[in-house]
Amino acid sequence: MSSVFSNAPATMEHYKAAMLLSGVGDAVAYRRGDWEFNFSGPNILKELKEIGGLKKIKAKLPDWPLSDDTILHLATAEGLATGKEGEALLHEVAALYKKGICDMSGRAPGQTTVHGVSQLRPGQEGGYRVAYCPRSGGCGAAMRAMCIGLRYPKPEQLETLVEVAVETGRMTHPHPTGFLGGVAAALFTAYAVQRRPMESWGVGLLSEACPIAKSFVKKAGFAVKETERDWNYFSGKWQSYLDLRGLSNGVGPVIWPDAYGPAERDGAYKSFSFSGWGGSSGHDAPMIAYDALLGAGADWEELMNRAAFHGGDSDSTAVIACCCWGVLYGTKGVPKGNYAKLEYRDRLEKCGEQLYALSH
């Protein structure tokens, strides 16, 4: 399937769709934890068929709440929407993460995220940073960073995008595998706004964004030694993925396995992963989202099959993929029931409007 999309510029409607559909992907893939913690894509798709398929899902409370992913994505977005910059922005986001953690009933927040947020001291000097943790390479930074790409979408804003993604990511996930996941999710969203050819996104991550992130870590002078020690895992896994898909040249064509149905995707996503749960780490949550975007083109249902209905950390891969998809395609082809009564729809769309205004 081609990744060709309209070259018409991203509009406010695309921005609103990006925020809204990221929430849809999260709520549907999560399904109150039933699907996020179901480790078989074929079984999830069987259950989906039994309830009438994706077109029949009316994503609303109480059956389809948002998970922690969207609550913290909203926190990042609402921080950015204030228009603050620099340290003032970081303190604002840290305060909103602390507020967001109070809205976690029934949303299954990750332990690393909860612990990291508990250490934040917004308003105090350096209070947006937490101690380095060698076990903080999970996907918690990636799942909440897409809006950074909406705020700083222009090529000349890449340095700012990376610095904000690194610092907001390190608030809970100071390990580079964790916070570079946030860089990837933000970057891919910016690339979607730019209408950059999708086949080049992975190469851009490795050759453009990661070097900026590494320089910034040195310049910022926080946990430099530990970060540099643990740096190479992320880029190594991404290089292997790009080699596998024939994208190391940044142009493709994409190489797909002969068979790549639900069972095969589960196997592939596990092979990308750190611990056998595809999408649960900072490197593979955006990787699986990217894989799904490459394979689905403009087909919403196919995107959800690949990004949301698999036996890994499905809501974290879907929240990233659906945000980028919304930037590219808006809500075209998305059943209205999937989003019409989504929890916090108003907040999500308002963030889209505010980030669009700021980015222009």
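Here, each number is a calculation from the coordinates, and none is a lab measurement. All of these numbers come straight from a predicted model, not from anything done at the bench. Reconstructed Cβ throughout: ideal geometry from the backbone, glycine too, with neighbour counts over all protein chains shown.
Of the options Leu206, Gly137, Leu187, report the single residue whose Cα projects farthest towards the positive end of the charge dipole of segment 116-211 (beta-carbon charges: Lys, Arg +1; Asp, Glu -1).
Positive-end residue among those listed: Gly137.
Of the cross-linked pairs Lys154/Lys214; Lys58/Lys84; Lys98/Lys350; Lys237/Lys350; Lys60/Lys99, which ones have a Cα-Cα span greater than 26 Å in the structure shown?
Violating the 26 Å Cα-Cα cut-off are Lys58/Lys84; Lys237/Lys350.
Work out the charge dipole of segment 12-359 with +1 on the Cβ of Lys and Arg and -1 on the Cβ of Asp and Glu about the Cα centre, then indicate which of Gly352, Phe216, Ser314 is farthest towards its positive end.
Gly352
What residue among Ala88, Ala29, Ala59 has the largest mean-square fluctuation in a Gaussian network model of the chain, using Cα springs under 10 Å?
Judging by the Gaussian network model, the answer is Ala88.
Starting from the Cα-Cα distance between Glu159 and Gln111, subtract it from 0.36 nm times their residue separation and give me the gain in nm to one decimal.
Roughly 14.3 nm would be gained on extension.
Tell me whether segment 7-119 comes out rounded, prolate or oblate; compute the Cα gyration tensor, take square roots of the eigenvalues as a ≥ b ≥ c, and use a/c under 1.5 as the rounded threshold.
It is oblate, given that a/c is not under 1.5 and a/b is not larger than b/c.
Quick one: Debye curve from the alpha-carbon atoms of segment 91-243 only, equal weights, vacuum; give me log10 I(q)/I(0) at q = 0.11, 0.15 Å⁻¹ to two decimals.
The Cα Debye sum returns log10 ratios of -0.40, -0.75.
If a paramagnetic tag sat 7 Å from the Cα of Lys219 along the Cα-Cβ line, which residues of segment 81-99 would have the backbone N under 14 Å from that point?
Answer for this model: 86-87.
In a GNM of the chain with a 10 Å cut-off on Cα contacts, which of Thr11, Thr113, Thr76 has the highest mean-square fluctuation?
In this elastic network of the chain, the residue with the biggest mean-square fluctuation among Thr11, Thr113, Thr76 is Thr11.
Considering only Leu54, Val93, Gly178, whose Cα is most displaced toward the positive end of the charge dipole of segment 12-359, charges sitting on Cβ of Lys, Arg (+1) and Asp, Glu (-1)?
Positive-end residue among those listed: Val93.
Quick one: compute the contact order of segment 87-243, relative version, from alpha carbon pairs under 8 angstrom and 6+ residues apart, as a percent.
22 percent.
For Lys332 and Ala8 in one chain, what is 0.36 nm times their gap in residues minus the Cα-Cα distance, to one decimal in nm?
Length gained, Lys332 through Ala8: 115.2 nm.
Helix-only mean residue ellipticity at 222 nm, the chain, DSSP H runs n ≥ 4 weighted -39,500 (n - 2.57), per residue, nearest 500. What is it?
Calculated from helices alone, the mean residue ellipticity at 222 nm is -17500 deg cm²/dmol.
Which three extents, in whole angstrom, do the alpha-carbon atoms of segment 12-359 cover along their principal axes, largest first?
Largest to smallest, the principal-axis extents are 53, 41, 34 Å.
Rg(Cα) of segment 235-274 divided by 2.2 N^0.38 Å?
1.21
Running a GNM on the chain with Cα contacts under 10 Å, which residue among Gly52, Gly106, Gly330 ends up with the highest mean-square fluctuation?
Gly52
Can you bin every Cα-Cα distance in segment 202-360 into 10 Å intervals starting at zero and give me the percent of pairs per bin, rounded to whole numbers?
Values per bin, smallest distances first: 9, 32, 34, 21, 4.
Let me spell out the model: positive unit charges on the Cβ of Lys and Arg, negative unit charges on the Cβ of Asp and Glu, origin at the Cα centre of the chain. What dipole size does that give, in debye rounded to 20?
The dipole of the chain has a size of about 380 debye.
Quick one: compute the contact order of the chain, relative version, from alpha carbon pairs under 8 angstrom and 6+ residues apart, as a percent.
Once normalised by length, the contact order is 32 percent.
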